[in-house]
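Only one structure is covered here, and it is reproduced in the block below.
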């Protein structure tokens with residue numbers, strides 16, 4: 001049974017709109033994330049016929065789904081079509097290029113124009129059902145509306161790595177133990193940032209453990225620092241909010257339950273309140289609101305089933321995240337038990353009326369910070385980020401800190417503690433190996449991966465940023481064309497030729513080993 005939307009019109013999985021189709025193309029890209037759009041455009045500009053399959057109605061993933069303040073890292077490392085995107089955003093604003101901050105509708109207009117100009121065929125509301133294989137090759141991708149898509153090369157640009165999993169490619173989930181790749185920031189980690197720094201009673205009836213834990217606190221053990229598990233960093237929605245007079249009041253979601261926020265209420269009472277989210281100006285009076293603090297928009301511990309969940313389970317998780325985050329805002333804005341200044345500060349903001357009109361002005365893209373990660377011949381690790389390893393075949397540079405959000409909230413000595421946050425600087429920007437975009441030889445010879453790349457949890461925390469996904473998408477688009485032209489497996493694409501093509505497109509690459 002499909003759960004009731006927490007807000008009108010807001011769903012993860014929309015029913016197919018239109019009859020099923022049978023289509024043939026040189027390249028089929030599954031996932032209209034920013035990396036998927038760029039992969040499709042680059043392959044099409046190279047002369048390939050391309051079909052892009054969008055899970056929902058929109059294209060661009062998080063870049064057009066609320067993440068208005070781009071996690072750039074070192075701006076000098078962003079090249080190729082990724083840089084062109086931010087240059088086009090600047091042109092739309094009449095501002096100096098590049099313009100790293102982007103309102104969702106502006107970013108989507110750029111991507112839609114690129115797709116149209118490149119001649120990419122976009123099919124929306126297409127949800128993967130299966131990947132048919134003949135030996136090492138995918139022969140057909142089928143979607144749950146009965147459509148079939150046949151291609152010479154496929155690109156998995158989904159955040160979840162759904163196509164690579166359906167094709168039988170090796171992947172992993174969660175956090176490796178420190179011992180797996182000899183990483184000092186792997187596994188269970190003490191959180192310093194976004195942490196409770198004042199005591200607060202964690203029990204339903206204060207002082208009575210037998211009454212049970214407050215919502216949001218897990219009975220799981222803290223674990224031993226450095227041990228691995230299958231937990232993943234928390235998800236949230238990145239909201240476009242505004243202080244303008246026309247702002248929309250934060251809505252009361254269906255199923256709103258103020259008891260979910262009792263831990264926060266007590267923390268506020270103890271003097272620990274920070275505005276629930278960090279608000280960073282995107283443009284004018286429009287802000288990107290993100291997680292910040294001990295109890296915020298990250299729905300900690302609620303996403304563990306997402307990576308391998310079926311669409312029904314993901315819909316449940318999606319609606320729970322909407323209900324949690326919208327309810328949090330409504331609570332902070334209206335609950336009379338909160339101090340007046342807290343409510344007033346919250347009500348300075350409201351949802352931006354110029355965004356996400358078809359989904360209650362709430363983004364339809366949940367921030368899937370991490371899900372499946374492919375395991376291929378080259379696994380990017382913390383050693384790449386600290387200079388201990390250096391890929392001989394880089395196709396993009398990652399430069400943002402290793403940024404992993406909390407993975408659980410548990411009790412330590414009778415007090416709530418968040419666990420898992422990592423904010424580890426890089427030694428220098430590091431190259432992402434081409435081998436991290438292709439399965440191991442023998443697993444699948446015509447699949448490239450643009451988002452769920454081969455990386456440890458620690459290293460993925462840096463590589464997962466949207467400009468990097470765009471650059472990886474461009475590399476996948478070029479490599480797809482070369483595999484087709486040269487009639488070789490994606491693993492056998494000549495790196496020197498791939499590199500030349502990327503550099504001609506203004507990619508910024510380090511020297512290989």
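Residues that are assigned to a loop (DSSP other than H, G, I, E, B), within 18 Å of the chain's Cα centre (by Cα) and buried (at least 24 other Cβ atoms within 10 Å of the Cβ): does region 429-445 have at least one? Steps first, answer last, please.
The first filter runs over region 429-445 and keeps only residues assigned to a loop (DSSP other than H, G, I, E, B), leaving 429, 438-445.
Of the ones still in play, those that are also within 18 Å of the chain's Cα centre (by Cα) are none.
No, region 429-445 has no match at all.
Which numbered condition in (1) farther than 30 Å from residue 424 by Cβ; (2) in contact with a helix residue (DSSP H, G or I) (Cβ under 6 Å, 6 or more places away or on another chain) is the only one that residue 200 fails?
Of the numbered conditions (1) farther than 30 Å from residue 424 by Cβ; (2) in contact with a helix residue (DSSP H, G or I) (Cβ under 6 Å, 6 or more places away or on another chain), the odd one out for residue 200 is (1).
Quick one: count up the residues across region 42-79 that are in a helix (DSSP H, G or I) and either in contact with a strand residue (DSSP E or B) (Cβ under 8 Å, 6 or more places away or on another chain) or under 24 Å from residue 290 (Cβ atoms) (or both). Spell out how you get there, then give the answer.
Here is the first cut: in region 42-79, the ones in a helix (DSSP H, G or I) are 42-45, 61-64, 75-77.
With the extra rule that they be either in contact with a strand residue (DSSP E or B) (Cβ under 8 Å, 6 or more places away or on another chain) or under 24 Å from residue 290 (Cβ atoms) (or both), the set shrinks to 43-44, 61-64, 75, 77.
Matching residues across region 42-79 total 8.
Does at least one position in region 242-262 carry a residue that is within 22 Å of the chain's Cα centre (by Cα) and in contact (Cβ under 8 Å) with a residue 12 or more places away in the chain?
Applying the first criterion (within 22 Å of the chain's Cα centre (by Cα)) to region 242-262 yields none.
No, there is no match, as no residue in region 242-262 is within 22 Å of the chain's Cα centre (by Cα) and in contact (Cβ under 8 Å) with a residue 12 or more places away in the chain.
Out of all the residues in region 196-214, which are under 14 Å from residue 411 (Cβ atoms), in a loop (DSSP other than H, G, I, E, B) and within 33 Å of the chain's Cα centre (by Cα)?
Scanning region 196-214 gives 196, 199, 200, 202, 214.
Give me the helices (runs of 4 or more DSSP H) completely within region 262-358, filtered to those with at least 3 residues that are at pLDDT below 95, ordered by residue number. Explain how you work it out, then say what you get.
Values: elements: 262-269, 311-334, 340-347.
Of the helices (runs of 4 or more DSSP H) lying wholly inside region 262-358, those with at least 3 residues that are at pLDDT below 95 span 340-347.
So if I check each of 407, 452, which one is crowded, with 23+ Cβ neighbours inside 10 Å and either under 17 Å from residue 469 (Cβ atoms) or modelled with pLDDT under 95 (or both)? Quick ask: steps written out before the conclusion?
Working: 407 fails: either under 17 Å from residue 469 (Cβ atoms) or modelled with pLDDT under 95 (or both).
Answer to the selection: 452.
Restricting region 188-213 to residues that are free of Cβ contacts under 8 Å to residues at least 60 places away in the same chain and surrounded by 13 or more Cβ atoms within 10 Å (Cβ to Cβ), which is nearest to residue 256 (Cα to Cα)?
204
Looking at 459, 391, can you tell me which residue is in contact with a strand residue (DSSP E or B) (Cβ under 6 Å, 6 or more places away or on another chain), closer than 20 Å to residue 476 by Cβ, crowded, with 24+ Cβ neighbours inside 10 Å and at pLDDT 95 or above? Please lay out each step first, then the result.
Details: 391 fails: crowded, with 24+ Cβ neighbours inside 10 Å.
Of the residues listed, the single one that is in contact with a strand residue (DSSP E or B) (Cβ under 6 Å, 6 or more places away or on another chain), closer than 20 Å to residue 476 by Cβ, crowded, with 24+ Cβ neighbours inside 10 Å and at pLDDT 95 or above is 459.
Taking only pairs six or more apart or across chains, which ones have beta-carbon atoms under 7 Å, a first residue in region 424-436 that is over 14 Å from residue 468 (Cβ atoms), and a second residue that is at pLDDT below 95 and in a loop (DSSP other than H, G, I, E, B)?
Final answer for the pair search is 427/386; 427/387; 428/387.
The values are calculated or read from the model by the stated rules, or taken from the named source; none is laboratory data. These figures come from a predicted structure and were not determined experimentally. Don't worry about glycine lacking a Cβ; one is built from the backbone with ideal geometry, like all the others, and counts go over all protein chains shown.
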